[in-house]
Amino acid sequence: RPQHPKKERVAFSAMATVLRVVAVVSAWWRVGAMSRGAAGLSVALRGGSSTTTAAAASEEDEAAAKSKAIPCIDVSRIMAGCPSEADVAAVGAACREFGFFNVVNHGIPAEVVARLDEAMARFFGKPSDEKERVARTATNSRGFSANEFTKQTRDVKELYDYGHVPDRSKEPDDPANLVMDGHNQLPRDDPEFGEALETYYQACARVCAALVRCVARALDLEDAAFDDYLGDRHTSYLRLNYYPPLAPSATRFADARADLDRLRHNLTDDADTRLAALDGPRLGVNRHFDAGVLTLLRQDDDVPGLQMNYRAHDDGPPLWIDVVPVRGGLTVNCGDMLQVLSNDRFKAPEHRVLASPPAAVRYSAPFFYNPAYDALIRPHAAHPNYEPFTYGYFRKRRFQGDFEDQGTPEIQIAHYRRRPPLPADSEDAPVFQPPAPA
């Protein structure tokens, strides 16, 4: 028996209090566990998120996506070489917020665009063995491919690339026309094909040259600030894309249209997942950033599929919004080289292309306005965020990643970002070429 009954009662009372606290905590834990178990079951059933959270998040994202509209700019004055202050302000605002904008009154005749569309349809309508006669190789990036990779995943499309020709008086495969990207390969049974592409190519180059001068002014630079990188020395190329209809059996879901709707409305985002880990293709082209200065895109007016990630340069989950084409217009987006030249003031937008819906046929034609191979790319800024590098090296490494899955990440401008920042007075900094990504 205890010698001090009063102390014993106090001890028992304290112990009882502790036991009651433990019981409350235990009950709370059991309730929480059941709740977590139910949530886990919901995750398993829905394939990734609890019903309530996913629904709320998707509603918020869908509302946010609907509130964002890619601007449309009348570029008639820009094409005439006399942009107004309002034109410059509109281009600058579009580049800062979206990195995308549509343009109308661009000056490319409708018949030139129609000839391009007809040439595209004729080429991709050929039997596979005929298209393979002008197939790209590891040393020639020009020509046909049905096996391009983006972010180490195979694109669900066919393409044909046509690039700049140093001497148009000579044959495409003449040594004078052999450049770092290779040389053009034209189908021999369609002489109008090359003519249609060259005419459209030159028209796109004129539009991009005018836009770049306006972009320079929007950055408070001289109109000719980027002429040394581009001008008559640009190494641009035109790509023709064909996105075949997506078969219902090509996705993990029974209904391919429902699967595309999930992607379109931000209900799922597995675009970084390697293709081999999926039950089939989800996208026509995986998420990526364009490598050049500007891209001028001819979209399919009737079957849109282009989306941009509005939050690509912010923290938080992606927010994919549609880049809706304007009939008779063209779509412009900033590229990696412009992001570097502008020192991050105009950032390249991350974008992707949804696979074509069942029974739909879609074409597109992006023109990539690229610098000279030997152009030294460096920011026009007193405190540069990037090391200088040559565009040709960057382009070569990017094509290697596009041509095949080498098991390594694609080269990105992030490889050139300064860590830590160098002094502002760095004109004598060496040209930095990053090692191959591990």
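The values are calculated or read from the model by the stated rules, or taken from the named source; none is laboratory data. Owing to the predicted nature of the structure, the values given are computational and were not obtained by experimental measurement. Backbone-built Cβ (ideal geometry, glycine too); neighbour counts: all protein chains shown. Heavy atoms of the whole protein, side chains included, go into the accessibility calculation; ligands, DNA and RNA do not. Shrake-Rupley method; radii C 1.70, N 1.55, O 1.52, S 1.80 Å.
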| said: When you check Leu330 against the structure, is it touching a Phe, Trp or Tyr at 6+ places or on another chain (Cβ under 7 Å) and of a type outside the set (S, T, N, Q), yes or no? | reply: no
| Looking at segment 272-285, is at least one residue assigned to a loop (DSSP other than H, G, I, E, B), β-branched (Val, Ile, Thr), surrounded by fewer than 17 Cβ atoms within 10 Å (Cβ to Cβ) and at pLDDT below 85? | yes
| So which residues in segment 195-216 are buried (at least 19 other Cβ atoms within 10 Å of the Cβ) and more than 25 Å from the chain's Cα centre (by Cα)? | Ala196
| Is at least one residue of segment 165-178 modelled with pLDDT of 95 or more and either open to solvent by 40 Å² or more (accessible area, probe 1.4 Å) or closer than 30 Å to Pro244 by Cα (or both)? | no
| Residue count, segment 191-205 (criterion: in contact with a helix residue (DSSP H, G or I) (Cβ under 8 Å, 6 or more places away or on another chain) and either farther than 19 Å from Gly143 by Cα or modelled with pLDDT under 95 (or both)) | 1
| Condition check for Asp302: of a type outside the set (Phe, Trp, Tyr), open to solvent by 10 Å² or more (accessible area, probe 1.4 Å) and touching a His at 6+ places or on another chain (Cβ under 9 Å) | no
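Step by step: first the residues of segment 135-164, then only those that are of a type in the set (D, E, K, R) and open to solvent by 40 Å² or more (accessible area, probe 1.4 Å), then the one that is nearest to Gly125 (Cα to Cα). Which residue is that?
Here is the first cut: in segment 135-164, the residues of a type in the set (D, E, K, R) are 136, 142, 148, 151, 154-155, 157-158, 161.
With the extra rule that they be open to solvent by 40 Å² or more (accessible area, probe 1.4 Å), the set shrinks to 151, 154.
Details: Lys151: 28, Arg154: 21 Å.
Result: Arg154.
Go over the candidates Ala114, Ala93, Ala121 one by one and state the one that is part of a helix (DSSP H, G or I), among the aliphatic types (A, V, I, L, M) and under 22 Å from the mean Cα position of the chain (by Cα).
After ruling out the rest, the residue left standing is Ala93.
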| query | When you scan segment 330-383 for strands (runs of 3 or more DSSP E) that lie fully inside it, which ones turn up with 2 or more residues that are closer than 28 Å to Val165 by Cβ? | reply | 330-334, 362-369
| note | Checked segment 307-326 for anything assigned to a strand (DSSP E or B), open to solvent by less than 20 Å² (accessible area, probe 1.4 Å) and touching a Pro at 6+ places or on another chain (Cβ under 8 Å); matches are Met308, Asn309
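I'm trying to understand the selection: among the residues of segment 218-242, which are part of a helix (DSSP H, G or I) and surrounded by 20 or more Cβ atoms within 10 Å (Cβ to Cβ)?
Pass one, segment 218-242, residues part of a helix (DSSP H, G or I): 218, 231-233.
Result: Ala218, single match.
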